[in-house]
Amino acid sequence: MDIPKNYDASKAESKWYKHWMDKGYFHSEPDERESYTIVIPPPNVTGVLHMGHMLNNTIQDVLVRRARLLGKNACWVPGTDHASIATEAKVVQKLKAEGIEKRDLSRDEFLKHAWEWTEKYGGTIFKQLQRLGASCDWERERFTMEEDLSAAVKEVFIDLYAKGHIYRGVRMVNWDPEAQTALSDEEVIHKEVDSKLYYLDYKLEEGNGVITIATTRPETILGDTAICVNPKDERYSSLVGKNAIVPLIDRKIPIIADDYVDPEFGTGCLKVTPAHDINDYEIGVRHNLESIDVFNDDGTLSESAQLYVGKDRFEVRKEISEELKSKGFLNKIESIKNKVGYSERTNAVIEPKLSLQWFLNMKEMAKPALEKVMDDTIQFHPANTKNTYRHWMENIKDWCISRQLWWGHRIPAYYFGKGANDFVIAEDEKEALKLAREKSGRELSMEDIRQDEDVLDTWFSSWLWPISVFDGFKDPNNKEIGYYYPTNDLVTAPEIMFFWVARMIMAGYEYLGDKPFSNVYYTGIVRDKEGRKMSKSLGNSPDPIDLIEKHGADGVRVGMLLSSPAGNDLLFDESLCEQGRNFSNKIWNAFRLIKSWEIDESSTISESDELAHQWFEAVFNERLKEMNSNYDKFRISDALMTTYKLIWDEFCSWYLEMIKPAFGEKMSAKSFERVISNLENVLRVLHPFMPFISEEIWQAIVERGEDECLIINHWPEFDPQLDSSKFIGMKDWVIAIRKIRKEKQISFKDKLDLKMIEKGASTHFDPLVIKLGNLNSIERVDAQVENALTFMVGDREFFIPANESIDVEAEKERIETEISYQEGFLKSVQKKLANKSFVDNAPEKVVAMEKKKQEDAESKLDILRKQLASL
């Protein structure tokens, strides 16, 4: 076969991916083999590939491809998430651009637009993942809003409600004024920001005195219903039980005492706004305070605020502070730093808000989920992430599962009256009507019931993913759920440990009584080389497809993994992808070199070739053991580095040099067979990281049948009998000889004689050293050789007898210079050690180090003087 000079990554990628797909190599069906299963963390249905996806899916593909080579029935299930908030926001934005407001549409009309958007833009990310080489079972693609998965969500809601875990109630929630929906605690990102602390004077109802409070949110004073002080704070004890007047609106509010108040913060007085702060709300419950909601759902001020009605909350903050100042209520302003909650999806500032929502009590479900991680039934990689998990699980809060959106799984609650309990939970309207009639005792009609307008949190479908993708709810005893569940490994980001990982574990034990996976590998965050998180706004996030087109998919995969240890952030630099591409070129050129050799069918394997094969096979065996260990410990980057060094250093730089025929000579056919066998082993361990070039070379080695693909070949087996220890020192000898040649400017074409003082040195690898060092011979001697260059490797002394290639006078001059330097160095060390004060007072380690320097200098001088004498 004619081997092109340059590797064409683009051509190889499209050719082999199509071939793998056509042959069905990614597809899995239950059989007698051991299963290996990964479920993809489902990306947003209309999402596009970003650097985080690239890292996460490269790692998943590495694990899946290796499992396939290990003979396991590998199944990597792809799928997408309907992403309620993100998708609805995009559809609303698209409609606005067309002059259509969501409020002008019925629910069904809006959902028609949402489905059209999903069908138009959905699936883009999977086409991009295919460019990366992801070997997902595309025949198994699932979507969280498809019929069967939606039915599973409804079934679980009904079941958890029946068990008493799901309830409806008014609670303080995280409100996103932009998306106009409640969020769970995990969907709020707390950022440290520069703020202002406003000191406001509230007049006392009696007399002319004032009580001063400090707040970062002066616009919320319009909802104040109390002022609270610490009961132990003597400054205000006389005021407890009296009343103060809210500035601008003259509302009379009580002054109360509660241990929650920190006397050291601000003035020690807290304005209490139960409708807009979780801590204020809890104080309000304890003291039976009124809650006044001064904000509309969009973050503008409501009628209840009395002032600034309809204006945005941040605009009001500026205006009310000016009004308070002009009317003498503003005492002073301080600049502070504080943490503010932001919506993970829209980046809007969260508004704590009392709202009627659906909640899931998770305390009971959390117990087995915590236990099984802490006892390593489910292992986290890196292990230290267990501490974060434990802290969250031990302090778990009820999950707000309702969202004020239209795109998503509609809550299966049906209302038939105005009472707090006038609702039923049902599979559909028909069942709801039946249950509503039974509960109310009235002969209701279909017109008398209405379904809840809200949808469930997107994560309420995602937490069922490892079960629902195998139809474990639809058909709990089906063959697939029994075969593929529990899955093996989950690769995900630590920031969704609680959103997704913890909840999947809870769902697994709740519904199947078993773990959803055995291992969780947490990737780090992809950052730029300056350590900044990649984002569109910073312009520091490259387009993954552009990288693939520039460096090839294999190059990008290697680039992503070169510095990505589990759990640690990846400092991405495009030069890493360039390094990956250069690695591809190195492998390709090595293959071209091998295929360029002429073969002699009649000759036998030379002694040096046989040793070269033995050496590489033993080294490969050692590296294979390291790789297997790294894979077992989920040290994927370390497994790559072992593979990289094996190929670049041992295979290309050493092994091929050892066996390369001399110019004009041929290689024996049997020796060539060994080379090809070793190359094939190299390609097997390379394949998980660089699937395309490994398959391309595999197919180019010999004519192969249609099903003789590397992707379905086998992983090499470790051989405990192979031992590379008999080759210890060989590389060091060759490196030392080459160094002497370079230093003395002796041409590599000139053959040299090498003599060494025998101290139990093996002659086993002499033929290799002779070939690689271009020597006539290696001779063992009992004494030093006169008129020779000398060098040491470890404790062995070597001699190269002088000949016309060696400038003896220049060498003598070099040795004399080195002796002079070493004598001066030794003198300075001896002077230090002769100083009694230094020896008596310096740390023991420092003194020991100086003595070691003295010994080393004396030893070097002894050798140098002998070298000089020999010349």
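Quick notes on this structure:
- Residues of the range 388-409 with amide N under 17 Å of a point placed 7 Å along Cα→Cβ from Ser106: 406-407
- Computed extension gain for Glu394 through Asp600, at 0.36 nm per residue and net of the alpha carbon distance, reaches 67.0 nm.
- Tilt relative to the chain, helix 808-833 - C-alpha long axis, 0 to 90 degrees, to 10: 50 degrees
- The string of couplings for the range 318-324 from the Karplus curve (6.51, -1.76, 1.60, θ = phi - 60°) is 5, 5, 6, 5, 5, 5, 4 Hz, one whole number per residue in order, with x for Gly and Pro.
- Kirkwood Rh (inverse of mean 1/r, distinct Cα pairs), the range 763-871, angstrom: 16.5 Å
- Principal axis analysis of the Cα atoms in the chain yields extents of 112, 79, 49 Å, listed in decreasing size.
- Amide hydrogen neighbours beyond the local backbone of Leu571, cut-off 5 Å, H modeled: Arg527
- Legend: residues Glu695, Glu32, Glu607, sorted from most to least accessible area (1.4 Å probe; ligands, DNA and RNA excluded), read Glu32, Glu607, Glu695.
- Relative contact order, percent, the range 259-416 [alpha-carbon distance under 8 Å, six or more residues apart]: 14 percent
- Once C-alpha pairs closer than 8 Å and six or more residues apart are averaged by separation and normalised to the residue number of the chain, the relative contact order reads 12 percent.
- Heavy-atom accessible area order for Trp733, Trp392, largest first, 1.4 Å probe: Trp392, Trp733
- For Val210, distant residues with modelled amide H under 5 Å away: Leu204
- Those GluC sites (Glu not before Pro) in the range 173-257 that DSSP places in a loop and that have at most 10 other beta carbons within 10 Å: Glu206, Glu234
- Over 25 Å between alpha carbons, listed pairs Lys625/Lys670; Lys154/Lys191; Lys739/Lys851; Lys5/Lys742; Lys271/Lys339: Lys625/Lys670; Lys154/Lys191; Lys739/Lys851; Lys5/Lys742
- Chain lengthening between Ser238 and Lys196 when straightened (0.36 nm per residue, less Cα-Cα): 12.2 nm
- In order along the range 64-70, the phi-based Karplus estimate (6.51 cos²θ - 1.76 cosθ + 1.60, θ = phi - 60°) of 3J(HN,Hα) comes to 5, 5, 5, 4, 4, 5, 6 Hz; Gly and Pro are listed as x.
- Between Glu708 and Asp159, the FRET efficiency from the beta-carbon distance, with R0 = 45 Å, is close to 0.35.
- Tail weight of P(r) past 22 Å, computed on alpha-carbon pairs of the range 530-658, percent: 51 percent
- Where both bridge residues fall in the chain, DSSP classifies roughly 70% of the beta bridges as antiparallel.
- Amide H contacts of Asn331 (H built 1.01 Å from N, under 5 Å, at least 5 apart or other chain): Tyr199, Leu200, Asp201
- Vicinal HN-Hα couplings computed from phi for the range 335-345 (Karplus, 6.51 cos²θ - 1.76 cosθ + 1.60; Hz; Gly/Pro x): 8, 9, 10, 8, 9, 10, x, 10, 5, 4, 8
- D by Stokes-Einstein for the range 428-547, Kirkwood Rh over Cα pairs, 4 °C, 1.567 mPa s: 70 µm²/s.
- Between Glu717 and Ala383, the distance separating the two model label sites (each 7 Å from Cα on the Cα→Cβ line) works out to 3.2 nm.
- Reduced Cα scattering model of the range 211-311, Debye log10 I(q)/I(0), q = 0.16 Å⁻¹: -0.64
- Under 16 Å from the Phe314 label point (7 Å along Cα→beta-carbon), backbone N, the range 328-343: 338-343
- Rounded to the nearest 10 degrees, the angle from helix 278-287 to the longest Cα principal axis of the chain is 40 degrees.
- Percent of Cα pairs exceeding the 18 Å cut-off, where the set is the range 764-823: 47 percent
- Full-extension gain in nm, Ser326 to Lys852, via 0.36 nm per residue minus C-alpha separation: 181.4 nm
- The GluC sites (Glu not before Pro) of the range 56-126 meeting both criteria, a DSSP state outside H, G, I, E and B (loop) and at most 10 other C-beta atoms within 10 angstrom of the site's C-beta, are Glu98, Glu101.
- Accessible surface area normalised per residue over the chain is 46 Å², counting heavy atoms of protein chains with a 1.4 Å rolling probe.
- Nearest-10 value in Å² for the accessible area of Leu197, using the 1.4 Å probe: 10 Å²
- The range 611-722 - Rg (one decimal) and Dmax (whole number), Cα, Å: 14.5, 48
- If you count Lys pairs in the range 524-622 whose Cα atoms are under 21 Å apart, skipping same-chain pairs closer than 8 places in sequence, the total is 4.
- Mean ellipticity per residue at 222 nm, deg cm²/dmol - from DSSP H runs of n ≥ 4 across the chain, formula -39500 (n - 2.57): -13000 deg cm²/dmol
- Using alpha-carbon coordinates, inclination of helix 84-97 to the longest axis of the chain, degrees: 70 degrees
- Within the accessible area of the range 442-547 (1.4 Å probe), percent carbon and sulfur: 47 percent
- Share of alpha-carbon pairs per 5 Å distance bin for the range 248-370, given as whole %: 2, 8, 12, 18, 21, 19, 10, 5, 3, 2, 1, 0
- The listed residues Asp707, Asp137, Asp454 rank as Asp707, Asp454, Asp137 when sorted by accessible area, largest first, using a 1.4 Å probe.
- Solvent-accessible surface (1.4 angstrom probe) belonging to Cys577, in square angstrom, nearest 10: 0 Å²
- Accessible area of Thr642 in the full protein assembly, 1.4 Å probe (Å², nearest 10): 20 Å²
- In a DSSP loop and with at most 16 other Cβ atoms within 10 Å, the trypsin sites (Lys or Arg not before Pro) in the range 412-517 are Lys418, Arg442, Lys474.
- Here the ratio of the Cα radius of gyration of the range 81-165 to 2.2 N^0.38 Å is 1.40.
- Computed from the C-alpha gyration tensor, the three semi-axes of the ellipsoid equivalent to the range 664-812 are 42, 18, 14 Å, from longest to shortest.
The values are calculated or read from the model by the stated rules, or taken from the named source; none is laboratory data. Remember, it's a predicted structure, so these values are computed and weren't measured experimentally. Please note: Cβ atoms are built from the backbone with ideal geometry, for glycine as well, and neighbour counts cover all protein chains shown. Each accessible area value is taken on the protein alone, full model and side chains, heavy atoms only, with ligands, DNA and RNA left out. Shrake-Rupley method; radii C 1.70, N 1.55, O 1.52, S 1.80 Å.
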